[in-house]
Structure formats: C-alpha cells, structure tokens
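Here the structure is laid out as structure tokens; the discussion comes afterwards.
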Amino acid sequence: MVRSMVISVLAIDTLTKSPIVILKELDGERTLPIWIGLLEANAIASELEGVKFPRPMTHDLLKNIIDSIGIEVRKVEICDLKDNTYYALIYLNHRGMEITIDARPSDALALSLRVGAPIFVADVVIEKSKQIDLQAEPEDTSEQGKKWKAILEKLDPEDFGNT
C-alpha cells in the first residue's frame with residue numbers, strides 16, 4: 001500500500017550535517033526523513049520558496065520538455081529503501097501510454113513540486129526507514145558541498161511555510 005504525502009520540512013540534519021527533506025502523511029501522522037544532496041536540496045528549496053532563475057535549472061528544463069511533448073506526470077512514489085538508499089519512480093502518461101521512470105527521490109520530489117504531481121510513499125519504505133543507520137549517511141566535504149551546506153544551514157524551516 002502507498003501513502004499520500006507532502007514535503008513538510010527541508011532542513012539540515014543536526015546529527016549527519018546533511019540536508020534532509022521530511023515528508024508527512026496527508027491523512028495521518030507518519031513522516032519519512034530522506035537525506036539528500038546539497039544541490040538537490042537547493043532544487044527543492046528554490047521551488048518551495050518560489051525562486052525563479054533567469055535560465056531554466058535542470059528540473060525546470062525537464063518540466064519544459066515534458067510539457068512541450070504533452071506528457072503528464074501522474075505521480076511520484078518513493079518505492080524502496082535498500083542499504084540506506086531510497087528509490088523512487090515517476091509515473092508518466094503520454095497519449096494514454098503509462099510510463100514508469102526510475103529516479104532518485106530528490107529528483108522525483110523536485111519535479112513533483114514543479115508540475116504539481118502528488119507524492120506517494122510505499123508502506124515498506126516507512127517501515128524500513130525506522131532502521132536506518134544514521135552514521136552511514138555520507139557528508140559532502142567538497143568545496144561546492146561546503147558552500148551549499150552553509151547556505152542551507154541558514155535556512156529556517158518556517159521560510160518554506162506549510163505545504
């Protein structure tokens with residue numbers, strides 16, 4: 001079974017020092033934390049805050065392509081969790097043909113925000129997430145990673161409002 005969820009919070013996990021997006025069940029109290037990369041967090045944050053760039057960023061470009069060829073993004077689903085790695089699927093419809101695309105959850109979420117597609121999470125993922133080894137989450141120590149980390153650490157979850 002799958003649960004309908006929304007992005008509740010985007011912040012820095014104080015334990016791992018990594019960006020984390022927290023999904024919250026629409027009709028319940030369950031939540032799902034997903035650790036994501038700094039650049040992916042920026043893609044989600046920019047859409048949550050309504051920031052528009054002069055040129056399309058990657059997820060905006062993908063949305064433009066999808067729109068221009070008449071594809072509907074029906075939903076995104078966080079479908080599995082293996083070895084502390086989340087997996088997602090993007091469900092598309094093109095002229096009546098159903099297409100399912102494998103994706104990273106952060107990319108699926110960034111796209112769902114741009115196209116207004118609902119977010120679903122499989123129950124098995126919620127159960128498996130309770131057993132995640134937080135120490136196994138890698139930290140991006142590159143200069144670019146440090147730059148994005150500093151930007152994200154300054155963000156306040158209240159800046160994103162209630163979605």
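The values are calculated or read from the model by the stated rules, or taken from the named source; none is laboratory data. Predicted, not measured: the structure shown is a model, and the values here were computed from it. Methodologically, a virtual Cβ is constructed for each residue, glycine included, from the backbone with ideal geometry; neighbour enumeration extends over all protein chains shown.
Among the residues of region 47-69, is any in contact with a strand residue (DSSP E or B) (Cβ under 6 Å, 6 or more places away or on another chain) and either touching a residue at least 40 places away in the same chain (Cβ under 8 Å) or not hydroxyl-bearing (S, T, Y) (or both)?
Taking region 47-69 and keeping what is in contact with a strand residue (DSSP E or B) (Cβ under 6 Å, 6 or more places away or on another chain), we get none.
There is no residue in region 47-69 that is in contact with a strand residue (DSSP E or B) (Cβ under 6 Å, 6 or more places away or on another chain) and either touching a residue at least 40 places away in the same chain (Cβ under 8 Å) or not hydroxyl-bearing (S, T, Y) (or both).
With (1) among the acidic types (D, E); (2) at pLDDT 95 or above; (3) crowded, with 17+ Cβ neighbours inside 10 Å as the list, and D102 as the residue in question, which single condition is left unmet?
Failing condition for D102: (3).
Restricting to region 74-99, name every residue that is over 14 Å from V121 (Cα atoms) and of a type in the set (A, V, I, L, M).
L92, M97, I99, listed by residue number.
Among (1) in contact with a helix residue (DSSP H, G or I) (Cβ under 9 Å, 6 or more places away or on another chain); (2) under 23 Å from L92 (Cβ atoms), there is one condition I69 misses while meeting the rest; what is its number?
With respect to (1) in contact with a helix residue (DSSP H, G or I) (Cβ under 9 Å, 6 or more places away or on another chain); (2) under 23 Å from L92 (Cβ atoms), I69 is out only on (1).
Given the conditions (1) within 20 Å of L26 (Cα to Cα); (2) within 15 Å of the chain's Cα centre (by Cα), which single one is not true for R74?
(2)
Tell me which residues, restricted to region 1-23, are crowded, with 17+ Cβ neighbours inside 10 Å and not in a strand (DSSP E or B).
Hit for region 1-23 is S18, nothing else.
Please list, ordered by first then second residue, the pairs with beta carbon atoms under 6 Å, 6 or more apart or interchain, first in region 77-104 and within 19 Å of K24 (Cα to Cα), second loosely packed, with under 14 Cβ neighbours inside 10 Å and of a type in the set (S, T, Y).
Listed by first residue and then by second, the contacts come to L89/T100.
Are any residues in region 24-54 of a type in the set (V, I, T) and surrounded by fewer than 19 Cβ atoms within 10 Å (Cβ to Cβ), and if so, which ones? Talk me through it step by step, then tell me what you get.
Step one: of region 24-54, the residues of a type in the set (V, I, T) are 31, 34, 36, 44, 51.
T31, V51 - these are the residues of region 24-54 that are of a type in the set (V, I, T) and surrounded by fewer than 19 Cβ atoms within 10 Å (Cβ to Cβ).
Of all residues in region 82-98, which are touching a strand residue (DSSP E or B) at 6+ places or on another chain (Cβ under 7 Å) and surrounded by 13 or more Cβ atoms within 10 Å (Cβ to Cβ)?
Y86, Y87, A88, L89, I90, Y91, L92, N93
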